[in-house]
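The values are calculated or read from the model by the stated rules, or taken from the named source; none is laboratory data. Being a predicted model, the structure only gives us computed values, none of them experimental. All Cβ positions, glycine included, derive from the backbone under ideal geometry; neighbour counts span all protein chains shown.
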Amino acid sequence: MRLESFVKTTGGKGLHVVVPLTPKADWDTVKTFAQGVAEAMANDTPGKYTATISKSARGGKIYIDYLRNGRGATAVAAYSARARAGAPVSTPLDWSELSPAIRPSHFTVDNLPTRLRHLGSDPWAKIDSVRQSLPSAAPRKRQRAGHG
């Protein structure tokens, strides 16, 4: 979709992808767009992703939670400590840092100061300068070679 995005650990069970937008679209439009992205991902790679909220229907797939985009939905803020064992912290990452070794609760109040001391630059330094709007076209399923 050619939208600039940022990623962070949640300090909980997942990752959050943040797509800064100029405030033009209303809540319902953004949520519908996010639902389209989630469903396109699930349709494109059904063995890996799902947009189904039911845990029993997920079958080990990665749940793309578009419902976080609804008015009144909550999400933990960057650098917030969570009230969980080990005191994990929601931590901004650079996309290049993302790997299976980085779990959603990887950073804690104990190890985050070391990360910050050794970090060359803020992975989210440009987030406030991004100026982008939702594309007019809805997300679509990718065409695979030899298919449709």
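Here are the numbers for this structure:
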| read-out | value |
| --- | --- |
| Subset tally (residues that are farther than 21 Å from residue 18 by Cα, at pLDDT 90 or above and of a type in the set (A, V, I, L, M, F, W, C)) for region 104-148 | 1 |
| Residue 87, sole failed condition from (1) under 15 Å from the mean Cα position of the chain (by Cα); (2) surrounded by fewer than 19 Cβ atoms within 10 Å (Cβ to Cβ); (3) over 17 Å from residue 127 (Cα atoms) | (1) |
| Qualifying residues in region 95-111 (those that are among the small types (Gly, Ala, Ser) and either in contact (Cβ under 8 Å) with a residue 12 or more places away in the chain or part of a loop (DSSP other than H, G, I, E, B) (or both)) - the one surrounded by the most Cβ atoms within 10 Å (Cβ to Cβ) | 105 |
| Selection count, region 1-50, where residues are assigned to a loop (DSSP other than H, G, I, E, B) and closer than 21 Å to residue 78 by Cβ | 13 |
| Extreme residue, surrounded by the fewest Cβ atoms within 10 Å (Cβ to Cβ), among residues of region 36-56 that are among the β-branched types (Val, Ile, Thr) and closer than 20 Å to residue 70 by Cβ | 53 |
| Enumeration of residues in region 49-75 that are modelled with pLDDT of 90 or more and in contact with a strand residue (DSSP E or B) (Cβ under 8 Å, 6 or more places away or on another chain) | 49, 50, 51, 61, 62, 63, 64 |
